Amino acid sequence: MSKDTQVAEVEQVSVAELLLHPQNPRVGNVEEISKSILANGWWGTLVAQRSTNMVLAGNHRLLAAQQLELETVPVYWLDCDDEQALKILLADNRTSDISQYDEVRLGELLTSLTLNEEGLLGTGFGIESYDDLMRSVEGQTMDITDHEAEWTHMPEFNQEDKMAAFRAVVHFASEKNADDFFKMLGVHKQKILWWPEHDGLVQSDIGKSWSHEEEE
């Protein structure tokens with residue numbers, strides 16, 4: 001801990017005395033936080049700078065407390081300077097951002113909760129996010145398909161419509177780059193080119209030239 005940061009005891013503080021930090025870059029979901037408080041009660045503490053009463057960690061929980069008209073909330077006061085306060089504000093958000101879930105374990109936990117009467121209420125997860133997670137988990141845990149084996153004994157298929165499957169557009173930084181490219185292919189420079197060589201597919205416009213001056 002920095003020698004410039006001193007920690008005080010947790011206190012119950014009037015919601016009206018606390019200030020949202022004006023430089024907080026985080027945009028949270030106050031509605032979901034409020035649902036969690038209603039379902040589970042208030043848990044945890046806010047972290048605030050004593051000299052300014054500004055919240056450093058828990059700005060959106062403070063908004064939820066205001067929305068729910070709570071009178072007091074527990075606050076962990078810090079005696080720190082403004083620069084240290086900003087670092088704490090950023091670190092609280094960033095350390096959450098760079099964390100990740102063990103999706104398999106998360107899926108097991110959420111699935112166990114869906115068996116209860118209240119289900120996922122108060123977890124921050126809805127049924128859509130739960131379904132998306134489980135699809136992702138199933139993709140991770142299922143056997144990898146052997147796509148080549150899947151085609152074994154499949155009937156032959158003759159594609160009657162032989163238009164090109166796709167068209168690639170290549171941009172060159174200079175005429176020299178274009179010259180080198182067509183030299184590598186072993187063909188004259190052209191605006192539109194079939195590759196590999198023309199195989200009889202329909203609607204070829206291979207005759208168009210690369211530039212205004214037709215090459216010999």
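The values are calculated or read from the model by the stated rules, or taken from the named source; none is laboratory data. As the structure is a computational prediction, the values presented were derived from the model and not from experiment. Note that each Cβ is placed from the backbone with ideal geometry, even for glycine, and that neighbours are counted across all protein chains shown.
Annotations for the structure displayed:
- Of the helices (runs of 4 or more DSSP H) lying entirely inside the stretch 23-113, those containing at least 3 residues that are closer than 23 Å to Glu9 by Cα and outside the structural domain of Gly124 (by TED's automatic domain parsing) are 59-67, 82-97.
- Of all residues in the stretch 127-140, none are farther than 17 Å from Leu20 by Cα, at pLDDT 90 or above and of a type in the set (D, E, K, R).
- Scanning the stretch 35-78 for residues that are polar (S, T, N, Q) and out of contact with any Gly (no Cβ under 7 Å at 6 or more places or on another chain) yields Thr45, Gln49, Ser51, Thr52, Asn53, Asn59, Gln66, Gln67, Thr72.
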